[in-house]
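Every number here is computed from the coordinates shown, using simple stated rules; none is lab data. All figures in this text were calculated on a predicted structure; none of them were measured in a lab. Cβ: placed from backbone, ideal geometry, glycine included. Neighbour counts: every protein chain shown.
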Amino acid sequence: MIFTPELQQLSSSRGGGTSRLPKEVLPARAGSLAYGPARVRGAPPTTWASRGQISYLDSGYVIMNDTLTSDVIGRRVEVNGEHATVRFSGIVPPVAGLWLGVEWDNPERGKHDGSHDGTVYFKCRHPTGGSFIRPNKVNFGVDFLTAVKNRYVLEDAPEEDGKGQIIIIGNKPVETIGFDSIIKQQSQLSKLQDISLRNCAVNCAGDKGAIAKACPNIRKVDLSRNLLSSWDEVLDIADQLKHLEVLNLSENKLSFPLASLTLTRAFPALKILALNRTGITWVEVLRCASGWPVLEELYLASNDLFISERPADVLQTLKLLDLSSNQSIDENQLFLIAYLPRLEQLILSDVGISSIHFPDAVAGQKTLMFPSLQYLIVNDNQISQWSFINELDKLQSLHALSCTRNPLMQEGKAAQTTHQFIIAKIGQLKTLNKCEILPEERRGAELDYRKAFGNEWKAAGGHQDPDRNRPNEEFVAAHPRYQLLCLKYGAPEDGELKTQQPFVLKNQLLTLKIKYPNQVDQKVLEKQLPASMTIQKVKGLLARLLRVPVSELLLSYESPKMPGREIGLENDQQSLQFYSVESGDCLLVRW
């Protein structure tokens, strides 16, 4: 499971919850202000309730009459769908009344840098990241359990007769009205295992123990894009979810602890954690990681991370690490995570990387780094040199690679050749850019690669005679697997190299015989076909020639270089060149 910052918000049967300030932010004295819901039991929905100088609307909004406490600073808030952090609370002359100074997550939403008329009230990272807002325009959010109820507890139908049940409490009979509804709601919540509270304005855990009592079986929680402001608030929630395995906290601007977590405040069952766009640093990751003893997948995209130290006794169970869109990461930082023993998938999309070198292994040898890495994603980077691909062949366990949208991956006619060369350069690769590499494709790619660089090989000292085959170090460094391919398929002959040059193969004509194994009356034909011609077009040509429906044609070919072997041409979108069809080969047509 991969969490990204663009996780789609799940639909719900009810709207978002009402807004309220956490208990610790509520002022104690009369005349001070708070922002939170209050309800007059039994009153109509439009009723106002008053507590001292604070007026509450049933919807959760309030009338502010005085000042907020300083505890409001640092709280996360929502205003008209936009998220921000409170940086200031007070008076901003000459305009009377209380103002909140907020720093927007989206700096384009703001108007200034926290200054007004030459006075600095707070500071922003962006010159237009700040605004002053009246408190009654701000949503401070709801606690976790309120958000769960808002989204997952269904409204009950009205009572038909208004009568309740009679139950015995002690020795007295008591009539209960709505008791079944309460039991039903509790039953609904206790069954929840997978919940999505994305963008539900969750700001805290709420009453201590309430989550554990109401929702004891939750295993997966999406809390992305909420109003959580600190890791302690996350811990207050997680401490009550002992079976929690998957947690998405992406897009919450969190403050993290200054010391490592104690074992009493840990995530004992957590396997997947998403912290994309949370502002976490690498030091904070390692500091918190002591509380993730069985974590397998960690998503840290878009945090401007700089990997500054090796994980020591943490993250040792990690199988997947996503570092996408952290533009400060380079190959030297990657070496610091190169010895995570179980790391199987590494996502490095859009980090700006252009080179990598494993200094502990020479060309043709395997590195000790990333010993378990099977799947590497390096999309949207600056990879333009074949040396990057050569180095990947040193990885012991690499079976899958995705490297789309890099300068090396050329568009147009050369794209297929580049695809083949990557296959030829990484011997153990089984999947490239999410496409399975079939044995026939690997064979064709390696043969084409061997031919394409045959002249360069000879010029560097290569020779068909094994005793005289000594290409120089420069060639071996540029083509580490070439000698292995010569052992596998034989050294290229001089006749092949006269016409085979890099990237010319697509434009040449192939002289092919065409036979019909199941049709003894059909004569053998000889045709010249472009090497770049797709199997689909070859079938179309043969269908017109033989007057047979295209859908009924099955093609294969045999080569005098491989007597007794027949190779199927199964992919209609691939070319003759893709399957290494050469002049002198024979197409076999069946229907």
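List of remarks:
- Of residues in segment 92-110 being under 22 Å from residue 227 (Cβ atoms) and free of Cβ contacts under 8 Å to residues at least 24 places away in the same chain, the one farthest from the chain's Cα centre (by Cα): 110
- Total residues in segment 423-478 satisfying the condition of being of a type in the set (A, V, I, L, M) and surrounded by fewer than 16 Cβ atoms within 10 Å (Cβ to Cβ): the figure is 3.
- Among the residues making up segment 373-386, those that are without any contact (Cβ under 8 Å) to a residue 40 or more places away in the chain and over 18 Å from the mean Cα position of the chain (by Cα) are 382, 383, 384, 385.
- Selection from segment 551-560 of residues that are exposed (fewer than 15 other Cβ atoms within 10 Å of the Cβ) and within 46 Å of the chain's Cα centre (by Cα): 551, 552, 554
- Enumeration of residues in segment 527-552 that are among the basic types (Lys, Arg) and without any contact (Cβ under 8 Å) to a residue 12 or more places away in the chain: 537, 544, 547
- Looking across segment 343-393 at every residue that is part of a loop (DSSP other than H, G, I, E, B) and of a type in the set (Val, Ile, Thr), the one that is nearest to residue 276 (Cα to Cα) is identified as 351.
Conditions tested, residue by residue: (1) among the charged types (D, E, K, R); (2) farther than 17 Å from residue 447 by Cα; (3) part of a loop (DSSP other than H, G, I, E, B).
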{"position": "548", "(1), (2), (3)": "no, yes, yes"}
{"position": "557", "(1), (2), (3)": "no, no, no"}
{"position": "561", "(1), (2), (3)": "yes, no, yes"}
{"position": "567", "(1), (2), (3)": "no, no, no"}
{"position": "572", "(1), (2), (3)": "yes, yes, yes"}
{"position": "577", "(1), (2), (3)": "no, no, yes"}
{"position": "580", "(1), (2), (3)": "no, no, yes"}
{"position": "584", "(1), (2), (3)": "no, no, yes"}
{"position": "587", "(1), (2), (3)": "no, yes, no"}
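- Filter result (over 24 Å from residue 105 (Cα atoms) and surrounded by fewer than 19 Cβ atoms within 10 Å (Cβ to Cβ)) within segment 273-295: 290, 293, 294
- Annotation note: Cβ proximity below 9 Å between a residue of segment 553-582 that is farther than 24 Å from residue 415 by Cβ and a residue that is assigned to a loop (DSSP other than H, G, I, E, B) and polar (S, T, N, Q) (sequence gap 6+ or interchain) occurs for 559/580; 565/559.
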